[in-house]
Amino acid sequence: MADRKPLMAGNWKMHKTVDEAVDAARNLADRVSGASGVEIMIAPPFTALAPMADALQNTRIGLGGQNLFWEDEGAYTGEVSGPMLKSAGCRYVIIGHSERRQYFGETDETVNKRLKSAIRHGLIPVLCVGETESEREAEKTFSVLDKQVGDGLKGFVADELKTLVLAYEPVWAIGTGKTATADQAQEAHKYLRALIEKKFGKDLAESLRILYGGSVKPGNAAELMGMPDLDGALVGGASLEAASFSEIVLYDQNP
Ligand code: PEP
């Protein structure tokens, strides 16, 4: 099996002022200073990116944007571009989070444009996919993943996707406290890896990191991470407190 370094990612959504974000980041950096086996990312609100980049210099924590617009600059009030994220200190960017799809009209087509921009600017994209509760109940999980991956990655060749990270985030498990079982998550991750292999070949499929997201907590992180196709976690609620997120990051060191 390919050597995939786990990525433990925190999505702070619309939480924390600049001071709160910097304090939490410093606290987290202290707690995870020994976590050499994993990569760590925090995606704070845009307003906190640059001050957090200063606070996190020489720590193990990388920064991510929660979204980006596909044009580099222009008359697009309220949007933030790839070069802006880079200049604010980002290494990663989350794309196609279900809240963006649900509340802000994002589609697989706009996800595809954002992804192209992220890759053009050397940002590591964390592309979120996942089914809603009614889609799962109607046994449409795999066809939803087929469409999100097929349309989201349209026009790319394998070489361009070497840094891509996928995040399987069943919408019914986000912020609900209902985690997918480790078996449900593994089934979806295995499916996604096979899909990538079919479209882009074995090398990319084996090196691709697939994160699980949906109510990951200190108490379930180790079981989820024990699954062969889980290569990390995308964590919302439990990433807001340094104490709980550091326990997730250090999942393999807990008793
Ligand atoms: C998320 O925002 O991507 C997420 C998985 O949230 P939570 O961990 O709160 O379910």
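The values are calculated or read from the model by the stated rules, or taken from the named source; none is laboratory data. These numbers were taken from a predicted model, which means no experiment stands behind them. Neighbour counts run over all protein chains shown; Cβ positions are idealised from the backbone, glycine included. These accessible areas exclude ligands, DNA and RNA; they are computed on the full protein's heavy atoms, side chains included. Shrake-Rupley method; radii C 1.70, N 1.55, O 1.52, S 1.80 Å.
Once you order the gyration tensor axes a ≥ b ≥ c over the Cα atoms, which shape class does the chain get: rounded for a/c under 1.5, otherwise prolate or oblate by comparing a/b with b/c? Walk me through the numbers on the way to the answer.
On the way: a/c = 1.44, a/b = 1.09, b/c = 1.32.
Here the chain falls in the rounded category.
Suppose a student asked you for the relative contact order of the stretch 7-249, using Cα pairs under 8 Å spaced at least 6 residues apart; what percent would you report? Numbers along the way, then the final one.
Working: 461 pairs, mean separation 50.6, N = 243.
Result for the stretch 7-249 is 21 percent.
Taking the accessible area of the chain, probe 1.4 Å, and keeping the other protein chains in place, the carbon and sulfur fraction comes to 49%. Amide H contacts of Ile124 (H built 1.01 Å from N, in plane; Pro and chain starts excluded): Tyr92, Val93 sit under 5 Å, all sequence-distant by 5 or more or on other chains. Which entries in Lys86/Lys147; Lys13/Lys140; Lys154/Lys202; Lys86/Lys162; Lys116/Lys140 show an alpha-carbon gap greater than 25 Å? Beyond 25 Å between Cα atoms: Lys86/Lys147; Lys13/Lys140; Lys116/Lys140.
Residue-wise HN-Hα couplings along the stretch 112-119, as the Karplus relation 6.51 cos²θ - 1.76 cosθ + 1.60 with θ = phi - 60° gives them from phi, are 4, 5, 5, 4, 4, 5, 4, 5 Hz; Gly and Pro carry x.
The GluC sites (Glu not before Pro) of the stretch 76-147 that DSSP puts in a loop, and whose beta carbon has at most 16 other beta carbons within 10 Å, are Glu79, Glu139. For Glu131, the residues whose amide H sits under 5 Å from its own are Val171, ignoring neighbours fewer than 5 places away on the same chain, with H placed 1.01 Å from N. For the stretch 1-98, the list of chymotrypsin sites (Phe, Trp or Tyr not before Pro) that fall in a loop by DSSP and count at most 15 other C-beta atoms within 10 angstrom reads Tyr76.
Report the extension gain between Glu160 and Met14 in nm, rounded to one decimal, defined as 0.36 nm multiplied by the number of residues separating them, less their alpha carbon distance.
Details: separation 146, 0.36 × 146 = 52.56 nm, distance 3.07 nm.
My answer for the length gained is 49.5 nm.
In summary, the aspartates and glutamates within cross-link reach of Lys113, defined as a Cα separation below 13 angstrom excluding same-chain residues under 8 places away, comprise Glu71, Asp72, Asp151. Each of Ala138 and Ala50 was given a label point 7 Å from its Cα along the Cα-to-Cβ line. The distance between the two points is 4.6 nm. Between Ala158, Val144, Gly130, the Cα set farthest toward the positive side of the dipole of the stretch 114-168 (charges on each charged residue's Cβ, about the Cα centre) is that of Ala158. Rounded to 0.05, the FRET efficiency of the Phe104 and Glu241 pair, given R0 = 35 Å and the Cβ-Cβ distance, is 0.85. Note on Lys5 and Lys217: the model spin-label points, each 7 Å out from Cα along the C-beta direction, lie 3.1 nm apart. Taking amide H as placed 1.01 Å from N in the peptide plane, Leu7 has its amide H under 5 Å from the amide H of Glu39, Gly232, Ala233, each at least 5 places away in sequence or on another chain.
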